Amino acid sequence: MKSLLSIFVLCWLSAFAGYSFADPVPETATIKALPDLTKPVMTATISTVAAVPAAVAPSANKGDTAWVMISTVLVILMVIPGLALFYGGMVRVKNMLSVLMQVFVIFSMVAVLWAIYGYSLAFTEGNAFFGGFSKLFLKGITPDSLAATFSKGVYIPEYCYVAFQLTFATITPALIIGAFAERVKFSAVLLFTVLWFTFSYLPMAHMVWYWDGPDAYSSADAATTAASHAGFLFQKGALDFAGGAVVHINAGVAGLVGCLLIGKRIGYGKEFLTPHSVTMTMIGASLLWVGWFGFNVGSNLEANGLAALVFVNTLLAAAAATLSWTAAEWVIRGKPSMLGGASGAIAGLVAITPACGWAGPMGSILLGLVSGGVCFWSVTILKAKLKYDDSLDAFGVHGIGGIIGALGTAVVASPALGGTGVWDYVTNSVGEYSMMTQMISQLWSVVIAIVWSGVVSFAAFKLVDALIGLRVTEEDERLGLDTTEHGETAYNI
């Protein structure tokens, strides 16, 4: 009986040998690999991924997101404490805290204004000069909102872009105060900043940087439509990678207008108004240099090969300008100074800012050498001849350096000179490059920045002067703004 039962069990098992209770797979079937969902999927190809049952929504690239967040922190480092110490060390000891306070509070105030209305007016569709009101109070932006980069189908969270651009908005008006340091009311500085930020910085940012993003350039017709939505200077073809016109020319011209309207410091040209701590200025310049990698490289919005090029360009231009300024000062004045070396580095960083994404390394060195020498001339010979009191050389370094960089971009961007040329998003390749055509576009950005900032700055200074007055009293200026405006001193020894 046991033998018969054993035979029956063996027969039953043999009948079901090799059978799978899952659905059978035909011998000719192939398994298609799913796309790597850790990488952004090009929006143009989402619908063609046959193996994915439903379209994959675009997502933020984690590496790019991390880099932009780090870059944002680096630019904050440029402002506080970088710019604050750079400027603070150059004023007299009785005005040290007033400069620190102005930079610190301008940063904080503009950051809040940026969230309330600045981002919307700069980076939403409106007209060629101003954005719209669709994102007032950051309305509609969520953790899932995406912002385009400069590659089709590659995105970062919009909050990252909001924060990154916020830092540009905060440092620009802070640069202006260097032109009229040591003689302006704190309240006047703040009121001027609100007006200038609203009517000069925001429209310049919109004119230069607002566009529909690379994915909108899918065909020649689509490109024409997208271009009609862009800012005025973007439509003119102006190249400004990280703020030559938007930040430096804009701020430099405002500083020049301010120091002309406010007048010279008491004792200017008669007394030695020497920096109280070149050591602090050197520390500030070093922090600015380090933070500028966030300023320039972060503006690429992606951590890729082009970002590496921007990093090298930024480094080389600052180094070349340091050498150029030092050499010029050594030859003309007989001795090279630490203040000159620090100023030279900043001049090179300013000049490479608009060009850093289009220049080659040798072009960056060229821009650095030119800017170092020319900016040294502007803060010594030019300022002396025109007899204006640009206290900390905001115009001489940022205004002049920004103009050199903006116009120089047309030269160093040429592929024939080692530049990258200009990317054509319709053909997805580098387009034909005409240096003369690009120079005309760059001239548009320089002229518009000078005129726009000049007119707005003049009107804003005049309005502030009429409402609350610009300048402190002669007695307060002699005592120093630290005690008269803020009730404290920088050093208690």
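The values are calculated or read from the model by the stated rules, or taken from the named source; none is laboratory data. Source: prediction; values computed, not measured. Glycine also receives a Cβ, built like all others from the backbone with ideal geometry; neighbour counts cover every protein chain displayed.
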Any helices (runs of 4 or more DSSP H) falling wholly within the stretch 317-392 and containing at least 3 residues that are touching a Ser or Thr at 6+ places or on another chain (Cβ under 9 Å): 338-352, 361-377
Options Thr437, Thr483; residue that is over 29 Å from the mean Cα position of the chain (by Cα), of a type in the set (Val, Ile, Thr) and not in a loop (DSSP other than H, G, I, E, B): Thr483
Selection count where residues are within 14 Å of Trp114 (Cα to Cα) and of a type in the set (S, T, N, Q), scope the stretch 195-230: 2
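Okay, residues lined up against (1) over 30 Å from Val184 (Cβ atoms); (2) in a loop (DSSP other than H, G, I, E, B); (3) modelled with pLDDT under 95; (4) touching a Cys at 6+ places or on another chain (Cβ under 6 Å):
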| position | (1), (2), (3), (4) |
| --- | --- |
| Ala29 | yes, yes, yes, no |
| Pro58 | yes, yes, yes, no |
| Ala66 | yes, no, no, no |
| Met78 | no, no, no, no |
| Tyr87 | no, no, no, no |
| Lys94 | no, no, no, no |
| Met101 | no, no, no, no |
| Val105 | no, no, no, no |
From Asp476, Asp393, residue being over 20 Å from the mean Cα position of the chain (by Cα), at pLDDT 95 or above, of a type outside the set (Phe, Trp, Tyr) and crowded, with 17+ Cβ neighbours inside 10 Å: Asp393
Within the stretch 393-427, tally of residues that are closer than 30 Å to Ala226 by Cβ, assigned to a helix (DSSP H, G or I) and in contact (Cβ under 8 Å) with a residue 40 or more places away in the chain: 10
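Quick grid of which residues meet (1) modelled with pLDDT of 95 or more; (2) farther than 17 Å from Val455 by Cβ; (3) aliphatic (A, V, I, L, M); (4) in contact with a helix residue (DSSP H, G or I) (Cβ under 7 Å, 6 or more places away or on another chain):
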| position | (1), (2), (3), (4) |
| --- | --- |
| Cys160 | yes, yes, no, yes |
| Thr170 | yes, yes, no, yes |
| Pro173 | yes, no, no, yes |
| Glu182 | yes, yes, no, yes |
| Ser187 | yes, yes, no, no |
| Phe192 | yes, no, no, yes |
| Trp196 | yes, no, no, yes |
| Tyr201 | yes, no, no, yes |
| Tyr210 | yes, yes, no, yes |
Test set (1) in contact (Cβ under 8 Å) with a residue 60 or more places away in the chain; (2) of a type in the set (Val, Ile, Thr); (3) surrounded by 15 or more Cβ atoms within 10 Å (Cβ to Cβ) - Thr489 fails condition number: (3)
Neighbours by Cβ (under 9 Å, 6+ apart or cross-chain): first from the stretch 265-279, within 9 Å of Met90 (Cβ to Cβ); second part of a loop (DSSP other than H, G, I, E, B) and of a type in the set (Val, Ile, Thr): Pro275/Val91; His276/Val91
Identity of the residue in the stretch 296-315, touching a Leu at 6+ places or on another chain (Cβ under 9 Å) and without any contact (Cβ under 8 Å) to a residue 60 or more places away in the chain, that ends up surrounded by the fewest Cβ atoms within 10 Å (Cβ to Cβ): Thr314
Members of the stretch 110-144 that are aliphatic (A, V, I, L, M) and under 16 Å from Gln165 (Cβ atoms): Val110, Ala111, Val112, Leu113, Ala115, Ile116, Leu121, Ala122, Leu136, Leu138, Ile141
Those residues of the stretch 107-135 which are assigned to a helix (DSSP H, G or I), closer than 24 Å to Ala227 by Cα and hydrophobic (A, V, I, L, M, F, W, C), in sequence order: Leu121, Ala122, Phe123
Enumeration of residues in the stretch 116-138 that are surrounded by fewer than 17 Cβ atoms within 10 Å (Cβ to Cβ), in contact (Cβ under 8 Å) with a residue 40 or more places away in the chain and under 30 Å from Glu485 (Cβ atoms): none
